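The values are calculated or read from the model by the stated rules, or taken from the named source; none is laboratory data. Since this is a predicted model, take the numbers as computed values, not measurements. FYI the Cβ positions are ideal-geometry reconstructions off the backbone, even for glycines, and counts take in every protein chain you see. To get the accessible areas, we keep the full protein, side chains included, count just its heavy atoms, and leave off ligands, DNA and RNA. Shrake-Rupley method; radii C 1.70, N 1.55, O 1.52, S 1.80 Å.
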Amino acid sequence: MKMTPEQLSGVNSDHLTEIMFGQKAFLVHLQVVDDLLELKHAAAQAGYNLNIASGFRDFARQKLIWNNKMAGDSVILDSNSQPLDSQTLTTDEKIMAILRWSALPGASRHHWGSDFDVFDRDSLPKETQLQLEPWEYLSGHQADFYLWLAGNLSKYGFFFPYQHDLGGVAPEPWHISHKQVASRCLQQLTLKHLQQRLSLSPVLGNEVVLEKLETIYNQFITNISGDE
Ligand SMILES: [Zn+2]
């Protein structure tokens, strides 16, 4: 499975195929479709209505998320999901804080079509919006579903890349990843590819991002859980 640098960084999506999942259409990596549908089926048999809150995201979409946070147009959360006062932060501090919860454009696992933020739609209380905050999965309405998922996802080839706090991306109990496909994507996404992508398609704070790129790469991109 050879991916191009453009596919790995969300600029090109011709490795993906559109499938109906729940009530919506999603772009999914060709080699992930079957396992994803089997996981959904197994969840249904256990009484859970597994849906995707967020699947494939392209570079432009990730750049919008990133730039909104850098510009102060959307809120930057600290490790405890509490809002930070972005005006008191240096560019450097902003970048490191954003990376706890949002990937650097070009390096999001959501670019690959192998990673999904999932939830049990039937456990979501009426008129409640999913926040994708850890309490929902650890002690809130998604807790039963999360326990089931944790006990079963590996049977279908998935794992939680952000299970433990390794000082990089904060724990995300909703984010599942197709192990075989995603590990090959990660292997192929080199520091050099990323440098090239960001030089061609700069994001807010690009100069500082490029200066710190090796640190970012080691702390937030390759530093994941799940190889235990
Ligand atoms: Zn995610």
| query | So which residues in region 168-180 are farther than 22 Å from Ser79 by Cβ and free of Cβ contacts under 8 Å to residues at least 60 places away in the same chain, if there are any at all? | reply | Lys179
| query | What is the one condition in (1) within 14 Å of the ligand (Cβ to nearest atom); (2) among the aliphatic types (A, V, I, L, M); (3) at pLDDT 95 or above that Leu124 does not satisfy? | reply | (1)
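What number of residues within region 127-150 satisfy the criterion of being part of a loop (DSSP other than H, G, I, E, B), away from the ligand (no atom under 16 Å from the Cβ) and charged (D, E, K, R)?
Initial filter on region 127-150 (part of a loop (DSSP other than H, G, I, E, B)): 127-133, 139-142.
Now narrow it down to the ones that are away from the ligand (no atom under 16 Å from the Cβ): 127-129, 139-141.
Going one step further and asking which of them are charged (D, E, K, R), we end up with 127.
Result for region 127-150: 1.
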| query | Which residues, counting only those in region 181-214, are open to solvent by 70 Å² or more (accessible area, probe 1.4 Å) and free of Cβ contacts under 8 Å to residues at least 40 places away in the same chain? | reply | Gln187, Lys192, Gln195, Ser199, Leu200, Glu207, Glu211, Glu214
| message | Go through region 160-184 and report how many residues are within 14 Å of the ligand (Cβ to nearest atom) and not β-branched (Val, Ile, Thr). | response | 14
| query | Are any residues in region 89-105 within 16 Å of the ligand (Cβ to nearest atom) and out of contact with any His (no Cβ under 8 Å at 6 or more places or on another chain), and if so, which ones? | reply | Ile98, Leu99, Arg100, Trp101, Ser102, Leu104, Pro105
| query | Which condition breaks for Glu127 when tested against (1) among the acidic types (Asp, Glu); (2) closer than 25 Å to His29 by Cβ; (3) open to solvent by 50 Å² or more (accessible area, probe 1.4 Å)? | reply | (2)
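Quick check on region 151-168: of everything there that is assigned to a loop (DSSP other than H, G, I, E, B) and of a type in the set (Phe, Trp, Tyr), which residue is surrounded by the fewest Cβ atoms within 10 Å (Cβ to Cβ)?
Here the residue is Phe160.
On the given criteria, is Leu138 open to solvent by 50 Å² or more (accessible area, probe 1.4 Å), farther than 30 Å from Ser13 by Cα and free of Cβ contacts under 8 Å to residues at least 12 places away in the same chain? Give the steps one after another, and end with the answer.
Details: open to solvent by 50 Å² or more (accessible area, probe 1.4 Å): yes; farther than 30 Å from Ser13 by Cα: yes; free of Cβ contacts under 8 Å to residues at least 12 places away in the same chain: no.
When the stated conditions are applied, Leu138 does not pass them.
Can you give me the number of residues within region 4-29 that are part of a loop (DSSP other than H, G, I, E, B), free of Cβ contacts under 8 Å to residues at least 40 places away in the same chain and either aliphatic (A, V, I, L, M) or surrounded by 14 or more Cβ atoms within 10 Å (Cβ to Cβ) (or both)?
Looking only at that region, the number is 1.
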| request: Scan region 95-122 for residues that are among the basic types (Lys, Arg), within 17 Å of Gly205 (Cα to Cα) and buried (at least 22 other Cβ atoms within 10 Å of the Cβ) and jot them down. | output: none
| task | Kindly indicate which of Val203, Val208 is over 30 Å from Asn49 (Cβ atoms), modelled with pLDDT of 95 or more and in contact with an Asp or Glu (Cβ under 9 Å, 6 or more places away or on another chain). | result | Val208
| For region 106-121, how many residues are in a helix (DSSP H, G or I) and away from the ligand (no atom under 13 Å from the Cβ)? | 1
| task | Please verify whether region 71-78 includes one or more residues that are in a helix (DSSP H, G or I), away from the ligand (no atom under 16 Å from the Cβ) and crowded, with 16+ Cβ neighbours inside 10 Å. | result | no
| Close pairs from region 148-167: first under 18 Å from Asn49 (Cβ atoms), partner modelled with pLDDT of 95 or more and part of a helix (DSSP H, G or I), Cβ under 6 Å, at least 6 apart | Tyr156/Asp35; Tyr156/Glu38; Tyr156/Leu39
